[in-house]
Each structure stands twice: as structure tokens, then as C-alpha cells.
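Asker: Here's a structure for you.
The values are calculated or read from the model by the stated rules, or taken from the named source; none is laboratory data. This is a predicted model, so every value here is computed, not measured. Don't worry about glycine lacking a Cβ; one is built from the backbone with ideal geometry, like all the others, and counts go over all protein chains shown. Areas reflect the complete protein model, heavy atoms only, side chains present, ligands, DNA and RNA absent. Shrake-Rupley method; radii C 1.70, N 1.55, O 1.52, S 1.80 Å.
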Amino acid sequence: MANLTVALDQSVDIRDSRPRFYGLRRLARKMVKDRLALFAFIFLILIFLMSILAPLISPYDPTTGDIFNRLKAPGVSPGHILGTDALGRDMVSRLIWGGRVSLRVGFITVVFSSAVGVFLGLLAGYAGGKTDTIIMGLVDIQFAFPGMLVALVFVMVLGPSELHLIEAFAFNGWMVFARLARSLVVTFRDGPMVEAAKAIGVRPIKVMLKHILPNILAPITTLFVLEVARIIGAEAMMSFLGYGIQPPTASWGLMIGEGRTYFPMAWWLIIYPGILVAATVLALNVFSNWLTTAVDPLQKGQSG
Amino acid sequence: MAQYILRKLLGAVVVIAGVSLLVFILTRVIGNPVDVMLPLNATAADRVRLAHQLGIDKPILTQLGEFITGVFHGNFGESWYEQQPALSVALERLPFTLELSGIAMALALIFAIPLGVLSALRPRSLLDKVTSTLSMFGICVPNFWLGLVLILIFANTLHWLPTSGVGDWRYLVLPAITMAVLPLGRITQIVRTAMLEQLREPYVVTARSKGLLEFWVVVRHALKNAGISIVTMSGWELGRIIAGYAIAIEAVFGLPGIGSLVVDSIGQQDFPLIQALTFVIATCITLINLLIDMTYPFFNPRLKFK
Amino acid sequence: MKRFKSVSLMLLTFVMATGLILTGCGGGGTTAPKAQPKKDTITIAIPNEPSTMDVQFADDGNMRAVTDNVVQGLLLMDGKTLKPIPGLATEYSQVNSTTWDFKLRKGVTFQNGNPFTADDVVYSIKRIIDPNFKSNIAGDFATIKDVQKVGDYEVNIITNGPDPILPTRLTLLEILNKKAMEADSKGIATMVVGTGPYKVVSWSKGQNIVLQAYDGYWGNKPAIKNVKYRFIEEDATRAAALKNGEVDFATTMLPEYVDSLPQVKTAEGLEFSLVRMNAISGVMKDPKIRQAASYAINWDAIAKSLYQGYATIGQGQVFKSTYTGYDPNLKAYPFDLNKAKQLLAEAGYKGQPIEFVGEQGRWLKDGEQIQAIAQMLKDAGFNVNVKMLAFSKWLEVLFDRSKAPDMIFTFHSNDIFDADRTYSTYVLSTGPGSSYPNTLDQEIIQARTEMDTQKRTQLYNDIAQKLYDDPAWIDGVNIRDIDGMAKDVVYQPREDGRLAVFEMSFK
């Protein structure tokens, strides 16, 4: 029963998993064949470049505007292709800088949550016994864990800021990684390779890092990408509600929240940031799906 | 069986207690609601007095003790803002959210199951591709944003449906659709995956060779066996609606459910109410999980409760 | 292929059947064309649901939008002149500097049928000034020491010291029915009983509040019989509900909506924005820097563009001309970037960081105003860091003198229309929101207890003059209240910000 739940949750089938990264060239060839994945990948590269190069490519300062030139529709005001917001700030610039914030929150959060989660999962799976029971007991709480509610309370108490947002998300994001890492470890733990390593007296920590970790890297990467997508969505929602990124900083969710008051007469304020959130999350999901099949040929039939 | 249920219940109690304790620590250690409740011209003396009235000037352990004793009597204290028992304020809002999320889940299932089954029957067909793409979109579109866009189109522009609030059934259409989109996407995917797996199993072939009507092969055999995954996913989605999606969606549509109460109580730093809400929401999710566990033997009699 | 078809057909039938059942359940027949009897119900959309109906407990504008039509004080406020007029008291006089005598109106009944007498007044005043009753508005009545019954229709109110604005304070002190309160002290949270033109019929939590005209009302009967309040938080949605005809009246509209609404009426609101500056520590201690900040803001741009003309610039003070203490000789600081830069140079400002604290979502376009101000300050050479806080955190900062940031944005609403409210909050060195030295303390305290109106005004004008040169804040704009209403509603919004349904009627 426990195994069943895991399989459902991660969409990674444990029985078949001998996942390994193939040569990069082979991956690239596969990517070109799958047009949807290629498209998603290119989109992601563009969003990444846009975020990294924001200071160079953003046409205006995202936080300063011309108050006399506010709420201009796309194309109406020269120099503002996607229009201006309620303070006369350039929409293009805010979208570019907003993506930077969303991606930053997504990645930093998941770097932390995956590091903690994978470590604890490895520990639980490898050590077994009481350690396993305690760690997995914590993980099981996650099912009844009103994550969004706790994140809201957390941010309310500590005050909304990017750092607190990351902390709140990482706080309840590590469990999925722990669960996955543990389930993978268990299948390897008793395998011949680890047995052999143990037999010749290699220390447990070394066994975990050298022999187990590389073998489970592929499914962890897939989950990493999925989690980044989830956190970007969650950041948007928290910022939309006013408990995330604070003005004057731009974030896609905050832009939707700020534009809400004006959207009947200024649709562009919410339509563009919403599309960008959806597209980024979509691209990350498609990419993650593709990664699952690309590194694990046995699953190919399943993802159509 | 009884032992199994007992163990599950015990686990549920631990979870609810853990979440409640966490929220207690978060709110009482750092939060300060006094200023929010007083007018801008209140004096320092006003502040001290109110803190005393609310009992937040006591040592934290005393507060914790009082809190725990209270909980055992079903008493979470009075909502500081509404001046009524916090638990009943929270429970008052629950039926609405349950009703709305029930409708949304029904909507999601009605479409997700047939779409998922058909896609699994014809993998890589046009229908499958369209379904996969749409369900992917459903998963990725931020639902609070979708709600705003639907209001913009159907209420503001076309005037077909009301903008927000409660009233006759027309008021529920947009919120229910908004709420259903994400579960619809997820469940469609899980139905498809589970059905694909089941249809490959030998028993399906046997059933077909016995000359059973294809509809019954699919529904009675394959779908029933895929049922565990479908029910599990639906339960999780229902939990996610109550503890997550409802917060933003009810705020967008101005609905009197538990989600909008969460946002309000957090804005007002109404500790007892936040505490009661956490309790109610965590209990809901645990109960749903428990119910799901109970249905497993129906789908697969071989699974006995351990 | 055949297999697929048969399954799809059956599943499709299943979907359609379920769909039909669902619509059947929900439909309950199409909406029948309504007969058009004379309209006697008005539906009003307010931003939020009231927290309670205990008018003596809460400080809640949404509650007042409802209860101002249900309960009344000894004195009422004239919506145009902002002067107290007779209410449940017909006349009043001062016995000595701290004792006031009130003659009560006879023949008034509460909405539960009980007659109104001096006992109700004594009960109500004692309840609100009782330190054990955690009233959030007790501060408004801090000067009241005691109340004594003189006869069935006469009471004396005793103040701690001379209090020239007691009558205005009493317009905020609602009178409750002693008998009803003693029978059920908790009931007031959901249903308040008063002497006003409307009585509360029902409150469906999260949905609506219904009022009905009270037949036994002592004054002029309201024109509209039934009132239904709905709570729509989103400004845009509230406007859309009005446009769709779901409601007849929507409060707090944005200037941007005006053109698209069926009918709009405005009134000068009570809210003044201001940027409090730290005059006791940090970079802004130097008055020259504070003056420079005053020159740096283009309030005209904010009033004309951000508020589209629905805002008036404060004239060197955050008072309207009707307030006691208004100084007609003061003029707003002009927008003068060069002067600001010159003052900064004179003060030797070298770009030290200046913290500017704000919040957003509490008042109309507050967040946008803050960001606009910050940008203008930057243009003048201030190195401003905006820090947006959640409302509760922002309040903590506003009220902690020891943690006063260099600048903090707030809206100030003076609901007793008297300079004392403003000065004893933001200037008096012991005031809750003050980051100003004690240089004006004596004058403020003196003015507070001065019974001679002429002399008081003189004192306040003197304070205003000094504050102009050594500013405690940058005067902002007074934003207009914009109410949207259906074409057939007749109503003029009041200057005191109250929503008076009893003054509304249909064409």
C-alpha cells in the first residue's frame, strides 16, 4: 500500500527504475524529436536569459514610472509596447523583472527543500529503524498539512518578504523529496552493489553519496523541476493575496494583485503576467515529463 | 479492521495536534494583534489594557496550557474580532466551502473519468492529444487568475453571469468552474495512466475473450481496478481545494466560505480564529484521507486491512 | 475501432445525462419576469462584512455603514456643516467647566418597543468608559469621567477637565437599550437595538444584512422601506455588480470607474494622506531636510493624475475649512525641485539612506500614492528606501516612538473635526503616533482645555504656523468619497463620511 502511494505521488515507477543520465548528445537528439518538449525547453531558456539579463534588456526601470502616463493600453503610448500600469510604469520592464523574482524564489526554495529532503530521505532509507520511523512520520504529516494556510500564518507573523516566503515554502516542501529519496534508496539499499561496498568496509555516508545518490539523481531532477513549477505558482498566489513579494518590486503574482482593481478597464494589467505564470509553469511541467521518459526508456509508452 | 481504523485515527490525531501546535507557536511567539484592533489614536495605556484583556501578556507556557485545556473542551477562545466562539465562527463558514468544493469535484469527475478512459483506449489519437494538452493547461493556469479572467469575460463583458457573492445557482457557476479546472486536469491524467496500465493486464484480455460487452470490460474491470488511484487522487485534490485553492478563489469571488475567512483572520491577526481554522481544515483533510483508505477494499478485495 | 465507438457512445450518454440532471437540479425553472411593483428595497454594496454590531466596541467603518442607520447618540452630526445637532437630547448646557447638562427627548422608543429614558443613557456611557470593557473606541471618550441621572429625562455628564469638544464626541457615542442589554449582553454582537430610523431584521453571515424601516421612529420616516447590504471586497467587482444591476448602490468607487457607472455622487471625504517625518532622531531631524521633502512632492500630479481630480491638496495642514483649528492664512508648500535640492545642500545631506515605511490596501490607492511619493523624493535627491509592511506591522512601527522610521505614510481621518485629534496624535510628544519633540506640547494641552472658541482657534493657528516651518509631516491630499448608484437613486453623500440610507430615496 505504501508503495502504491509513492508511485502515484511521484509518477516514477520504482520497479522499472534504473534511471541514468544518458549521453548529452543522445538527450539532445531526443529533444529535437519531441517538438513540444523542444518548444518548452526553448521557452524556458528564453525566460532564464530574460531574468538573468533583466538589468541589461529591460527598457525602463521597473519601479519608476511617469504618473501622467498611467494606464495606457498596449501600443497607445510610444515606447511602451505592452502599455503602462497604474503608476505609469512600463509593463514590459515589470514583466521582465517580475520573472526574475519568480524564478529566483522558485529555484532558491527548491534548492533548499530538495537538499534537506534528499538528505533526510537517504538517511531514513539507509538507516531504517527508528530514524526511518521518525522522519517518515514527519513526512506523513504532510498529507494533512494545510501548507498554504501555514505559509500564510508564517508570513503574517514574520512580515511579508522574499526571504520569509522562501522559508515558508521550503518548510513544507522538503517532504516530497524525502519521500521519493527514501523509496528509491530502499530499492537500492539491498542491491548487490551496496552490499559489496559495505562488505569491503566503506563507510555508510560514503556508500550513500557515492553509490546511491548518483543512481537516484534522475528522478530527483524530475521532481526538482516539478517543484520549481509548483513554487512559482504558489509565489504568484501569495503575492496576489498581498502576503508575498511587496511593492514596489515587481513579481508576476503581485502584478495580477495590483492590476485587479483596474482590470475591467485595463485588461493588460492582469492578462500578461497571468499568461507568463501559466506558460512558465507549463513549460517546466512539459520539460519534467520529457525528462522522465528521456532518461528512462522503459517508461516511454506512457507519456504519449 | 477495528485495529486498522484505530491506528489511522491515532495518526490523524497526531497530525492535527502537530499542525495546531505549530500554528500556536507561530502566532503567539512573534505576532502582536493589539495595534490592529485599536483605532489610530489609541494611547499606550489602551494598548496595555487590551493586551491584558486578550490574555497575550501572560507567559507563553501559561497561554499554551490554557490553549490545550480549552481545545479539550472544544473551546478555542473567542474570536477577537467577532466576539463569538472561534470554533463556531469557523464551522459556520465550512458548509459553504464543502458545498462549493463538492460541486467542483463532481464537475471535475464527470469530465475527467470519461476523458481519461477514452484517451487511454486510444493513446496518441487526436482526442488523446487534445485531452493531454488541456489537462496540462488545467494544471498550470493559476486558478485565481483564471477566476478573474472568467469574471472579465462572462460577467463584465457578456453579462451572462453575476460577478461575485452568493445567491441562486448562477452565482456558483464561475467559482465552481474555476475550482474544478485544476482537479480536472490532474484526475484526467491519473485516470489515463491508470487505465493504460490496467488495459495491458491479462485479466482484461480474458474478459474480452469471454465475449463480455466492451463497455463492461472497461467499466467493471479496468476502471474498477484503476479506481484506487482515481479515488486517492480525488481525495487529495478535495483536500487541496479546502486547504489551498479555496483561499484565493473565494477571495476573488467574494464568497463566504472558510477560505476567505482564512484571509480575513490573517489580515486581522485574530489568533483564536486562525487556530480554530487550522484545526477545522486539518481535521477535514485527515477525515477525507481516512475515508479514502476505507474505500480501498471495495476496489480490490484482495487488499485486507493490516 | 468499433470497440472504441461503443464505449465512447455510452460514456457520452453518461456525461450528458449527468449534465442534464445537474442543470435540472440547479435550474429550478428559468427566472420568471419579475412584476414591477413600486420599488421599496435598496441593495447596497459595501467593501467588507462588519466584524460585529456592537457599536460601542468596534472601530469598524463597514459596521458604521450599517449601524449609523440603526443607532443614535445624544447628539447627531449635521452632514453638511459638521456641527452637532440635537438627537436623543433636545438641548444641552454647561453647568460649570466640567459638568454638562442634557435634556432628553421624550416619547422616543427603541426598536424593541422599550421607551428611551435617562437610564439608557447612564448605562450606555458607563459601559463604554468602563476600563474592563475592552472598547476599541474608548479613546474617543477618555475625557468623560462620570454620568449622573438627574431625572427620567435629564442627565449630567462630568468630564475630567474642561472639554470644549464634548458635544462632538457625543455624536459618536451610541445609546443602547439598558433592558435589552441586561437581558442578553451577547446578542448585540449580531443584532443591535437602537432608536434610529431602521431596525436590523437579519444578518446572514457572509451573505447579507437586512434592515427595515422602524415604524415607531421619532423623526422623519425614511423614504425606502427595506435595505439589504452585500459585502463585495474587490473594488472592480463592486463596480461591476452595480453596472450589472445586482446592487443599487456601491460605496468607495475609484475615479477610473466614474465614466462607466450609471450615476456617481461625491463628497469631500475625511481622509487626508500625510507622510510623517522623524523630527527627533536620524537624518530628518534637521528641519531643512523636512522642508526640502515638503517642496519635493508634486501633489498636483497626485491629485490630478493618480486621483483624476478626485482629491484636494491640503493647505499647509490636514484640515478642511470646516474643522476647528483650520488656518485660512496657510498655503500648501509649492512643488519646487530646485528649492528642495538647495535646502538639501544647505543641510549638508550626502545621500544617507532614508527609510520610508508604507502599507497598502487599507485606503484608496494608498500603495500607489506611496510609490509615487517615493519616486518624487528620489528625483529631488533623497536616497529613499521604500519598505512596505503588512498593516499590523505598519501599525506597530507607526505607534512606537523609539522605532520611528525616517518617514512613514498614513491616512489621517479626523472624525471629531477638531485640530486636537490630529495634534495630540501626531505632534504631542506623548501622542501615540508622534515622532516630534516636545516643543509644542504646552500649547496643544492649553488649547485642548480652552473653552473660548476664539482663543482656541488662535492657539491652533499659532501651532499650525509653527508646524509649517518645522514640519512634523508632509501634508498630503484629501481624497473625495465616490459613491456609485443606480439611475433611480437620489442621494447626496455626506461630508462626515457616514452612509445615511435614511436620506436616500428612489425617483
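Asker: Per DSSP helix of 4 or more residues, -39500 (n - 2.57); summed, then divided by the residues of chain C. What does that give at 222 nm, rounded to the nearest 500?
Answerer: -8500 deg cm²/dmol
Asker: Just round it to a whole percent: the fraction of Cα-Cα distances in the range B:96-259 exceeding 23 Å.
Answerer: On the way: 5920 of 13366 pairs.
Result: 44 percent of Cα pairs exceed 23 Å.
Asker: Kirkwood hydrodynamic radius, chain B, all distinct C-alpha pairs: what's the number in Å?
Answerer: Numbers: mean 1/r = 0.0451 Å⁻¹.
Result for chain B, one decimal place: 22.2 Å.
Asker: Quick one: what does P(r) look like for chain C with 10 Å bins over all Cα pairs, in whole %?
Answerer: Calculated P(r), rounded to whole percents: 4, 17, 25, 23, 17, 8, 4, 2, 1, 0, 0.
Asker: How big is the range C:404-461 along each principal axis, measuring the range of its Cα positions in Å and listing the largest first?
Answerer: Cα spread of the range C:404-461 along its principal axes, largest to smallest: 37, 25, 16 Å.
Asker: Run through all the Cα pairs of the range A:84-234 and give the fraction in each 5 Å bin from 0, expressed as whole percent.
Answerer: Taking every Cα pair in the range A:84-234, the percentages come to 2, 9, 16, 17, 16, 13, 10, 7, 5, 3, 2, 1, 1, 0.
Asker: To continue, here is another question. Restricting the calculation to Cα positions, tell me the Rg (one decimal) and the Dmax (whole number) of the range C:71-177 in Å.
Answerer: According to the Cα coordinates of the range C:71-177, Rg and Dmax are 13.0, 37 Å.
Asker: How large is the Rg to Rh ratio of the range A:88-167 when both quantities use alpha carbon positions and Rh follows Kirkwood?
Answerer: Details: Rg = 17.4 Å, Rh = 15.3 Å.
Result: Rg/Rh = 1.14.
Asker: Post the alpha-carbon centroid distance, the range C:451-499 to the range B:56-108, in whole angstrom.
Answerer: Using only Cα atoms, the two centres lie 41 Å from each other.
Asker: Rank these by accessible area, largest first, 1.4 Å probe: A:Thr131, B:Thr69. Please list the in-between numbers first.
Answerer: Working: A:Thr131 55, B:Thr69 75 Å².
Result of the area sort, largest leading: B:Thr69, A:Thr131.
Asker: If you don't mind, there's one more thing I want to ask. Name the helices (complete DSSP H segments) of chain A with a Cα length along the long axis of 15 Å or more and a Kyte-Doolittle mean of at least -1.0, or state none. Each step should come with its number before you reach the end.
Answerer: Working: long enough: A:35-52 (25 Å, 2.69); A:91-127 (53 Å, 1.38); A:129-141 (18 Å, 0.79); A:147-158 (16 Å, 3.02); A:174-189 (21 Å, 0.96); A:213-241 (41 Å, 1.42); A:268-295 (40 Å, 1.58).
Span-like helices in chain A: A:35-52, A:91-127, A:129-141, A:147-158, A:174-189, A:213-241, A:268-295.
Asker: Peptide B:277-283: average number of partner chain Cβ atoms within 10 Å per residue? Mind showing how you got there, number by number?
Answerer: Details: counts 3, 4, 0, 1, 5, 6, 1.
Mean partner-chain Cβ count within 10 Å for B:277-283: 3.
Asker: Another question, if that's okay. Where Rh denotes the Kirkwood radius from the mean inverse Cα pair distance, what is Rg over Rh for the range C:144-278?
Answerer: Values: Rg = 20.3 Å, Rh = 19.4 Å.
Ratio value, two decimals: 1.05.
Asker: May I ask for the Rg/Rh ratio of the range C:271-479, computed from Cα atoms with Rh as the Kirkwood radius, given to two decimals? Show your work: numbers first, answer last.
Answerer: Details: Rg = 16.0 Å, Rh = 17.1 Å.
Across the range C:271-479, the Cα-based Rg/Rh ratio is 0.94.
Asker: Determine the distance separating the Cα centre of the range C:356-432 from the Cα centre of the range A:203-221; give it in Å without decimals.
Answerer: 54 Å
Asker: Let me check the size of the range A:184-304 from its C-alpha atoms; what are the radius of gyration and Dmax in Å?
Answerer: 21.8, 73
Asker: How high is the FRET efficiency from B:Leu287 to A:Ala127, r the C-beta distance, R0 30 Å, rounded to 0.05? Please list the in-between numbers first.
Answerer: Values: r = 33 Å, r/R0 = 1.10.
It comes out at approximately 0.35.
Asker: Here is a further query. Mind checking B:148-160 for the average number of partner chain beta-carbons within 10 Å of each residue's beta-carbon?
Answerer: Counting other chains' Cβ atoms within 10 Å and averaging over B:148-160 gives 4.
Asker: If we sort C:49-61, B:251-263, B:286-298, A:212-224 on the protection proxy, mean other Cβ atoms within 10 Å, highest first, what's the order? Present the calculation step by step, with values, prior to reporting the outcome.
Answerer: Working: C:49-61: 22.9, B:251-263: 26.2, B:286-298: 16.2, A:212-224: 20.5.
The packing order, highest mean first, is B:251-263, C:49-61, A:212-224, B:286-298.
Asker: OK, next. Suppose the Debye formula is applied to equal point scatterers at every Cα of the protein assembly as shown; what is log10 I(q)/I(0) at q = 0.07, 0.09 Å⁻¹?
Answerer: Per q value, in the given order, log10 I(q)/I(0) is -0.72, -1.14.
Asker: If you don't mind, another one. Could you give log10 I(q)/I(0) at q = 0.22, 0.25 Å⁻¹ for the range A:50-133, computed by the Debye formula over C-alpha point scatterers of equal weight, without solvent?
Answerer: Result of the Debye calculation: -0.95, -1.06.
Asker: Which of A:Ile270, A:Ile135, A:Ile81 moves most in a GNM of chain A, Cα contacts under 10 Å?
Answerer: A:Ile81
Asker: State the Cα centre-to-centre distance between the range B:1-23 and the range C:43-115 in whole Å.
Answerer: 52 Å
Asker: Something else about it: With everything on Cα atoms, drop me the angle between helix B:271-299 and the longest principal axis of chain B, reported from 0 to 90° to the nearest 10.
Answerer: Here the helix axis deviates by roughly 20 degrees.
Asker: Based on the Cβ-Cβ distance of C:Asp400 and B:Ile153, what FRET efficiency does E = 1/(1 + (r/R0)^6) give at R0 = 41 Å, to the nearest 0.05?
Answerer: Values: r = 47 Å, r/R0 = 1.15.
That gives a FRET efficiency of 0.30.
Asker: Continuing with this model, one more query. Could you work out the percent of alpha carbon pairs in chain A separated by over 27 Å, rounded to a whole number?
Answerer: The proportion of pairs with Cα distances above 27 Å equals 50 percent.
Asker: Restricting to Cα atoms and excluding each atom paired with itself, what does the Kirkwood estimate give for the range C:292-380 in Å? Walk me through the numbers on the way to the answer.
Answerer: Working: mean 1/r = 0.0684 Å⁻¹.
Result for the range C:292-380 stands at 14.6 Å.
Asker: Note down the net charge around C:Asn298, summing +1 for each Lys or Arg and -1 for each Asp or Glu among other residues with Cβ under 15 Å from its Cβ. Spell out each step's value before the answer.
Answerer: Working: positive: A:Arg70, C:Lys304, C:Lys339, C:Lys341, C:Lys378; negative: A:Asp66, C:Asp300, C:Asp336, C:Glu368, C:Asp379, C:Asp475.
Here the charged neighbours net out to -1.
Asker: Here is a further query. Most mobile of A:Gly129, A:Gly274, A:Gly83 per a Gaussian network model of chain A (Cα springs, under 10 Å)?
Answerer: A:Gly129
Asker: What is the average number of partner chain Cβ atoms found within 10 Å of a Cβ in B:134-146? Before the final figure, lay out each step's value.
Answerer: Numbers: counts 0, 0, 6, 4, 0, 7, 13, 8, 14, 2, 10, 15, 2.
Per residue, the number of nearby Cβ atoms from other chains is 6 on average.
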